[in-house]
Amino acid sequence: MNKKALITGITGQDGSYLAELLLEKGYDVYGIVRRLSTPNISRIDHISDKISLVEGDLTDQSSLNCAMKEIQPDEVYNLAAQSFVGTSWNQPVLTGDVTGMGAVRLLESVRHFCRDAKVYQASSSEMFGKVQEMPQNENTKFYPRSPYGCAKVYAYWMCINYRESYNMHVSNGILFNHESPRRGMEFVTRKITDGVARIYHGLSKELKLGNLDAKRDWGYAGDYVIAMWQMLQQETPDDYVIATGESHSVREFVELAFREVGLNWEDHIKVDPKLFRPAEVEYLTGDYSKAKRVFGWEPEVKFEELVKMMIKADVERLSRR
């Protein structure tokens with residue numbers, strides 16, 4: 001029999017790449033999706049006939065219980081969250097309920113209905129926030145600087161508590177920023193590449209951004225889902241930083257994106273103070289040496305290659321229109 005995997009957040013960037021990976025490895029793939037008036041399944045439309053979707057919500061315990069009882073998955077990947085940091089400031093209670101408590105509801109449903117399932121929790125570099133050391137590794141102290149980061153810290157520690165209290169196979173993947181052409185439009189990298197593509201095609205003249213000096217460790221989502229899977233293949237559950245070990249500023253991303261289409265970024269970028277965070281996270285760089293040592297993971301796609309990939313996809317997407 002094929003292994004069964006259940007993915008929350010399957011319609012998102014990471015969920016779609018992970019679903020593809022698991023299908024290639026012969027899994028039966030199930031995804032939990034929220035009931036929406038207009039379903040957002042564009043990222044998984046090309047594999048929709050190969051996966052099974054189940055209605056559910058991280059804010060609704062009974063729907064998670066039903067999914068676990070019915071599917072009996074071997075592996076559970078919790079990728080669902082209110083994942084946009086900016087929105088977490090406007091909706092802190094919702095963010096805490098979905099991103100923090102949602103993870104606990106999922107753990108409870110696994111504990112009661114499929115105890116032997118291995119669980120992956122999508123933790124975040126935003127938990128480090130106001131960084132206490134450079135680079136950040138699995139032992140670096142957390143100092144979250146947003147409601148999203150705080151919710152992720154809560155979910156992280158609850159995963160460890162369930163692992164130690166109930167002997168469950170639960171692993172945290174502390175993933176640093178990871179992007180792709182499937183990234184949501186609200187995230188700064190995709191906002192940049194879409195904005196540059198629009199300017200290139202004459203559909204817009206300027207692009208408004210916030211803090212250009214913020215630095216992030218940006219990798220490729222397609223590489224990072226491999227690490228998620230590898231974590232659940234280990235005999236012993238643990239927590240791992242997944243990153244590239246390199247940091248680049250928003251300004252560098254902008255310069256490279258405009259250069260790819262032959263334009264000068266300074267002619268089109270407008271810094272808007274309203275787009276700055278209430279509490280900025282200035283500098284994130286991850287140390288992925290533990291993941292490399294334990295299961296041999298390394299990032300394949302480099303920063304420049306990632307930016308070029310995203311620009312090319314957005315330019316082509318707008319060309320087809």
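The values are calculated or read from the model by the stated rules, or taken from the named source; none is laboratory data. Remember, predicted model here, so these are calculated numbers, not experimental data. Here the Cβ is made from the backbone with ideal geometry for all residues, glycine too, and neighbour counts use every protein chain on show. These accessible areas exclude ligands, DNA and RNA; they are computed on the full protein's heavy atoms, side chains included. Shrake-Rupley method; radii C 1.70, N 1.55, O 1.52, S 1.80 Å.
Return yes when Asp74 is charged (D, E, K, R) and either over 26 Å from His169 (Cβ atoms) or open to solvent by 60 Å² or more (accessible area, probe 1.4 Å) (or both) and no when it is not. Quick ask: steps written out before the conclusion?
Numbers: charged (D, E, K, R): yes; either over 26 Å from His169 (Cβ atoms) or open to solvent by 60 Å² or more (accessible area, probe 1.4 Å) (or both): yes.
Judged against the criteria, Asp74 is a match.
For segment 63-94, enumerate the residues that are touching a residue at least 60 places away in the same chain (Cβ under 8 Å), in contact with a strand residue (DSSP E or B) (Cβ under 8 Å, 6 or more places away or on another chain) and either farther than 21 Å from Glu186 by Cα or of a type outside the set (Gly, Ala, Ser) (or both). Scanning segment 63-94 gives Ala67, Met68, Ile71, Gln72, Pro73, Asp74, Glu75, Val76, Tyr77, Asn78, Leu79. Residues considered: Tyr77, Tyr30. Of these, the only one that is over 22 Å from Lys152 (Cβ atoms), among the aromatic types (Phe, Trp, Tyr) and at pLDDT 95 or above is Tyr30.
Here Val104, Val98, Val110 are screened, and the one residue that is part of a helix (DSSP H, G or I), modelled with pLDDT of 95 or more, in contact with a helix residue (DSSP H, G or I) (Cβ under 9 Å, 6 or more places away or on another chain) and under 26 Å from Trp218 (Cα atoms) is Val98. All told, Arg182 falls short of being in contact with a strand residue (DSSP E or B) (Cβ under 9 Å, 6 or more places away or on another chain), at pLDDT 95 or above and either over 23 Å from Leu79 (Cβ atoms) or surrounded by fewer than 21 Cβ atoms within 10 Å (Cβ to Cβ) (or both).
Within segment 160-168, is there a residue that is over 17 Å from the mean Cα position of the chain (by Cα) and over 30 Å from Leu106 (Cα atoms)? No: segment 160-168 contains no residue that is over 17 Å from the mean Cα position of the chain (by Cα) and over 30 Å from Leu106 (Cα atoms).
Could you say whether any residue in segment 119-126 is open to solvent by less than 40 Å² (accessible area, probe 1.4 Å), within 14 Å of Val241 (Cβ to Cβ) and of a type in the set (A, V, I, L, M)? The answer is yes, given that some residue of segment 119-126 is open to solvent by less than 40 Å² (accessible area, probe 1.4 Å), within 14 Å of Val241 (Cβ to Cβ) and of a type in the set (A, V, I, L, M). Going residue by residue through segment 185-200, is there one that turns out to be within 12 Å of Ile311 (Cβ to Cβ), basic (Lys, Arg) and not in a loop (DSSP other than H, G, I, E, B)? Yes, some residue in segment 185-200 is within 12 Å of Ile311 (Cβ to Cβ), basic (Lys, Arg) and not in a loop (DSSP other than H, G, I, E, B).
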